[in-house]
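Below is one structure, written out as structure tokens, with a few remarks after it.
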Amino acid sequence: MNMNSVTLVFVLLQLFSYMYIITSDINVELSRVWGPGLTPEKIVMPARYFFVELVDVNNRRIISDDIELNAIVDGGTKTNKPCRIWTNLLNRKDGSYIVRYKLYETCSYVKISVTYGNKHLGKSPYIINSPVKSDNCECPTQNIEELIDVWECGPVPKFITNKLDVFKKIDWPRQRNELIKKFDQPHSVSLCHYIVKNNKIYRKCYGKYVGFNMFIDNILLSLTRKVVLPDLEFFANLGDWPLSTHKLEGKFPIFSWCGSTESYDIIMPTYDITESTLENMGRVTLDILSVQGNTDERWESRIPKLFWRGRDSNKYRLELIKIARKYPDLFNASLTNFFFYRDEEAVYGPKAEHVSFFEFFRYKYQLGIDGTVAPYRMPYLLAGGSLLFKPKSKYFEYYYQDLEPNVHYIPLKEDISDLVDKLKWAIDNDEKAKEIAQNGQAFANDNLLPKNIFCYHFHLFNEFSKIITSKIDILEDMEPVEQKKVEECDCKSQKDEL
């Protein structure tokens, strides 16, 4: 055996020994299991989820791809048949795991087992000896503030309070017609007028393209299955741009997905993150949880370049392509479509093929650059564990005020003229860059998970109802928005739980 062979054998033995140590040194008493999915009888969501953290005797996370962690969620129906449950285990590659599961019917009991080898972790097994309802059950809690407490939603976000303080009180008979007259512009504005009365939903839409009303419909239908919403009346903007701009006479209380420093719009979670919440483990594959479990590379193995794909919906995106071509060792950036600057395709093209979002995180650095408005991919960029660079912008989503520059992301000038210098800084300061990336991911897990999206909507509609002084009545020409699929459920057990 030559010297190279001896060295190779030694390295392999060392690696095997290391893997044996880290996988056999798990402390089951110190390892943690937590999250809203452990109380599924109280918190009803399309997909429940919880987290597992494996640590050693020194309470340090154990990172390995070969740990035999098992998570089983099963149960039975009232007819003593196995309950239909789909369970999904996601490895976050940092010593922690996400377990999510979806109920396709109401279970009369549920058992959650989390084990390493043959040893239970945390307080496993978690046994819920009461009915656990699927998300299709229409069993609304009567008191929304009671539900907010049970869900542990926390206090009303300051952003909601600040936005609503602008309007003080709303008297719809005095404001309604003026708002409709101002924004009934079929070719440029898409707006829906909603009324919730006795927990039933009604709407009338204005505009030529109102298909996005399905996103407002769906979150309202989901909420009203969970809680009796207070009676309320509101208008929802179905477009990207905020409508209630400062240059208009008067302040119009319009709900929008994106805000700006030049508007009064009341900001909701975007249709994108709301749909990924409602369709978690459903027809949407990209969500805050899946993006963390489908990223194959740890920080140390990611390519030290900034990766970006997107369309030409902002002139600074064209500038990005210029910069990327000048510094190919720092960037992998391309446009995937030309619509706004079609005459520039010869300069900034050719168009690149679309890439799975999960592939973005093979790279260490990401860019949250505006399109027509704020980039709705921001939550997923934060959650993916890469370092996020964010240019200054007048546009924002509802959670931006809680993000801290140089803590959760790297701030840039609006024209991205400082991007190269700050990217080089990140490369030269890898540990600090990793820390900021981890902070960004932690922010996403603390603020942007499905439970957070539901809680924000609970708070928003509850607080908005409090500033409406006029009586809520169903108006002429409004159509009902009906529940699409409702399971027959025994709601009495939920009342007993709450």
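The values are calculated or read from the model by the stated rules, or taken from the named source; none is laboratory data. Model, not experiment: these values are computed from the prediction. Cβ atoms come from the backbone with ideal geometry, glycine included; neighbour counts cover every protein chain shown.
Are there any pairs with C-beta distances below 9 angstrom linking a residue in the range 271-288 that is within 15 Å of Asp240 (Cβ to Cβ) to a residue that is of a type in the set (Phe, Trp, Tyr) and not in a helix (DSSP H, G or I), with the two at least 6 apart or on different chains, and if so which?
Short answer, once both residue conditions are applied: Tyr271/Phe212; Tyr271/Trp257; Tyr271/Tyr376; Asp272/Trp257; Asp272/Tyr376; Ile273/Tyr376; Thr274/Trp257.
Answer yes or no: is there a residue in the range 470-480 that is in contact (Cβ under 8 Å) with a residue 24 or more places away in the chain, in the same structural domain as Val150 (by TED's automatic domain parsing) and either touching a Leu at 6+ places or on another chain (Cβ under 7 Å) or among the polar types (S, T, N, Q) (or both).
Looking for residues that are in contact (Cβ under 8 Å) with a residue 24 or more places away in the chain, in the same structural domain as Val150 (by TED's automatic domain parsing) and either touching a Leu at 6+ places or on another chain (Cβ under 7 Å) or among the polar types (S, T, N, Q) (or both), one finds at least one in the range 470-480, hence yes.
Residue check: is Arg325 basic (Lys, Arg), assigned by TED's automatic domain parsing to the domain that holds Asp421 and either closer than 21 Å to Leu388 by Cβ or crowded, with 16+ Cβ neighbours inside 10 Å (or both)?
On the way: basic (Lys, Arg): yes; assigned by TED's automatic domain parsing to the domain that holds Asp421: yes; either closer than 21 Å to Leu388 by Cβ or crowded, with 16+ Cβ neighbours inside 10 Å (or both): no.
Considered against the rule, which asks whether it is basic (Lys, Arg), assigned by TED's automatic domain parsing to the domain that holds Asp421 and either closer than 21 Å to Leu388 by Cβ or crowded, with 16+ Cβ neighbours inside 10 Å (or both), Arg325 comes out as no.
Have a look at Gly122, Gly117 and point out the one that is touching a Lys or Arg at 6+ places or on another chain (Cβ under 8 Å), on the phi > 0 side of the Ramachandran plot and not aromatic (Phe, Trp, Tyr).
Working: Gly117 fails: touching a Lys or Arg at 6+ places or on another chain (Cβ under 8 Å).
Result of the check over Gly122, Gly117: Gly122.
So, Thr23, is that one at pLDDT below 90, touching an Asp or Glu at 6+ places or on another chain (Cβ under 9 Å), assigned to a helix (DSSP H, G or I) and not assigned by TED's automatic domain parsing to the domain that holds Asn294 or not? Walk me through how you get there before you give the answer.
On the way: at pLDDT below 90: yes; touching an Asp or Glu at 6+ places or on another chain (Cβ under 9 Å): yes; assigned to a helix (DSSP H, G or I): yes; not assigned by TED's automatic domain parsing to the domain that holds Asn294: yes.
Yes, satisfied.
Spot the failing condition for Cys137; the list is (1) modelled with pLDDT of 95 or more; (2) in the same structural domain as Trp257 (by TED's automatic domain parsing); (3) under 25 Å from Ile216 (Cβ atoms), and only one is missed.
With (1) modelled with pLDDT of 95 or more; (2) in the same structural domain as Trp257 (by TED's automatic domain parsing); (3) under 25 Å from Ile216 (Cβ atoms) applied to Cys137, the lone miss is (2).
With the requirement that a residue be part of a loop (DSSP other than H, G, I, E, B) and either closer than 28 Å to Leu238 by Cα or hydroxyl-bearing (Ser, Thr, Tyr) (or both), what does the range 385-415 give you?
We begin by selecting, within the range 385-415, every residue part of a loop (DSSP other than H, G, I, E, B); these are 385-386, 392-394, 397-399, 403-404, 406-408, 413-415.
Passing the criteria: Ser386, Lys392, Ser393, Lys394, Glu397, Tyr398, Tyr399, Leu403, Glu414.
Give the residue that is farthest from Gly35 (Cα to Cα), with candidates limited to residues of the range 47-69 that are modelled with pLDDT of 95 or more and part of a strand (DSSP E or B).
Here the answer is Glu53.
For the range 440-470, enumerate the residues that are part of a helix (DSSP H, G or I) and hydrophobic (A, V, I, L, M, F, W, C). Give the steps one after another, and end with the answer.
Of all residues in the range 440-470, those part of a helix (DSSP H, G or I) come to 440-447, 450-466.
Scanning the range 440-470 gives Ala442, Phe443, Ala444, Ile453, Phe454, Cys455, Phe458, Leu460, Phe461, Phe464.
Residue-by-condition table, conditions (1) in contact (Cβ under 8 Å) with a residue 40 or more places away in the chain; (2) touching a Pro at 6+ places or on another chain (Cβ under 8 Å); (3) more than 30 Å from Phe252 (Cα to Cα):
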residue: Arg100; (1), (2), (3): yes, no, yes
residue: Cys107; (1), (2), (3): no, yes, yes
residue: Lys111; (1), (2), (3): no, yes, yes
residue: Asn118; (1), (2), (3): no, no, yes
residue: Pro131; (1), (2), (3): yes, no, yes
residue: Cys139; (1), (2), (3): yes, no, yes
residue: Thr161; (1), (2), (3): yes, no, no
residue: Asp165; (1), (2), (3): no, no, no
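Which ranges mark the strands (runs of 3 or more DSSP E) fully within the range 125-242 that have 3 or more residues being closer than 16 Å to Met478 by Cβ and not basic (Lys, Arg)? Break it down stepwise before answering.
On the way: elements: 126-128, 191-197, 200-206, 232-237.
It comes to 191-197, 200-206, 232-237.
Considering (1) surrounded by fewer than 23 Cβ atoms within 10 Å (Cβ to Cβ); (2) closer than 29 Å to Ile98 by Cβ; (3) in contact (Cβ under 8 Å) with a residue 40 or more places away in the chain, say which one Asp370 fails and leave the rest.
Failing condition for Asp370: (2).
Could you please let me know if Lys451 is exposed (fewer than 13 other Cβ atoms within 10 Å of the Cβ) and of a type outside the set (Ser, Thr, Tyr)? Talk me through it step by step, then tell me what you get.
Working: exposed (fewer than 13 other Cβ atoms within 10 Å of the Cβ): no; of a type outside the set (Ser, Thr, Tyr): yes.
Taking the combined requirement at face value, the residue does not satisfy it.
Mind listing just one residue for me: the one in the range 151-204 that is in contact with a strand residue (DSSP E or B) (Cβ under 6 Å, 6 or more places away or on another chain) and within 27 Å of Pro450 (Cβ to Cβ) and, of those, surrounded by the fewest Cβ atoms within 10 Å (Cβ to Cβ)?
By that ranking, first place goes to Tyr202.
Could you tell me which of the residues Lys123, Lys102 is surrounded by fewer than 15 Cβ atoms within 10 Å (Cβ to Cβ), out of contact with any Asp or Glu (no Cβ under 8 Å at 6 or more places or on another chain) and not hydrophobic (A, V, I, L, M, F, W, C)? Steps first, answer last, please.
Numbers: Lys102 fails: surrounded by fewer than 15 Cβ atoms within 10 Å (Cβ to Cβ).
Answer to the check: Lys123.
State which residue is farthest from Tyr456 (Cα to Cα) when the search covers only the range 232-262 and only residues that are buried (at least 17 other Cβ atoms within 10 Å of the Cβ) and among the charged types (D, E, K, R).
For the range 232-262, the residue satisfying everything is Asp240.
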